[in-house]
């Protein structure tokens, strides 16, 4: 019989969250879906709460690690934005994003993690947009608008398809550039 690692437990947890909700994320449901014993679960996790915390740590790393790697490797706004779009497409799972946000509405632990993820993502966008303008108010505003489009496009039922999202994002970026140019505060590309 193949051994189950922590990642397998996490991925099964995400499947349960997508199709049901956090209340159904029980040891019994996890072991039943994976055809494993409770002993197998306890080999990896101390308790259901320990599992929840480790699941959310895994989610946070999955959602924020790449953005920090981008900032180390890419130097111009265009490079950073292009890489961010590619990674967003690869890593975004709208159903799990919605499920974890719903969980965060009812659970303080999930809420703390979601707040931290949102803060990290917004901070990254602010660093990226600071390459376009030196005005901190504009940086904050356009970062928030960009992030709201990203999150909101997956919250709409049905979710906006990738092609429509990219077209809308392209139009939004053109509006940002025009807005910044009209205020004559564009600056030269520098590293984050």
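Odds and ends about this structure:
- Here is the figure for segment 152-172: residues that are in a helix (DSSP H, G or I) and either surrounded by 16 or more Cβ atoms within 10 Å (Cβ to Cβ) or without any contact (Cβ under 8 Å) to a residue 40 or more places away in the chain (or both) total 12.
- Only listed residue being surrounded by 16 or more Cβ atoms within 10 Å (Cβ to Cβ), at pLDDT 95 or above and within 15 Å of the chain's Cα centre (by Cα), chosen from 84, 125, 55: 55
- Selection status of residue 109, out of contact with any strand residue (DSSP E or B) (no Cβ under 8 Å at 6 or more places or on another chain) and within 29 Å of residue 180 (Cα to Cα): no
- Test: residue in segment 126-139 that is farther than 19 Å from residue 171 by Cβ, assigned to a helix (DSSP H, G or I) and touching a strand residue (DSSP E or B) at 6+ places or on another chain (Cβ under 7 Å): yes
- Selection within segment 21-45 - closer than 20 Å to residue 113 by Cα and either free of Cβ contacts under 8 Å to residues at least 60 places away in the same chain or in a helix (DSSP H, G or I) (or both): 22, 23, 24, 25, 26, 45
The values are calculated or read from the model by the stated rules, or taken from the named source; none is laboratory data. Keep in mind the model is a prediction, meaning the values are calculated, not measured. As a convention, Cβ positions derive from the backbone with ideal geometry for all residues, glycine included, and neighbour counts pool all protein chains shown.
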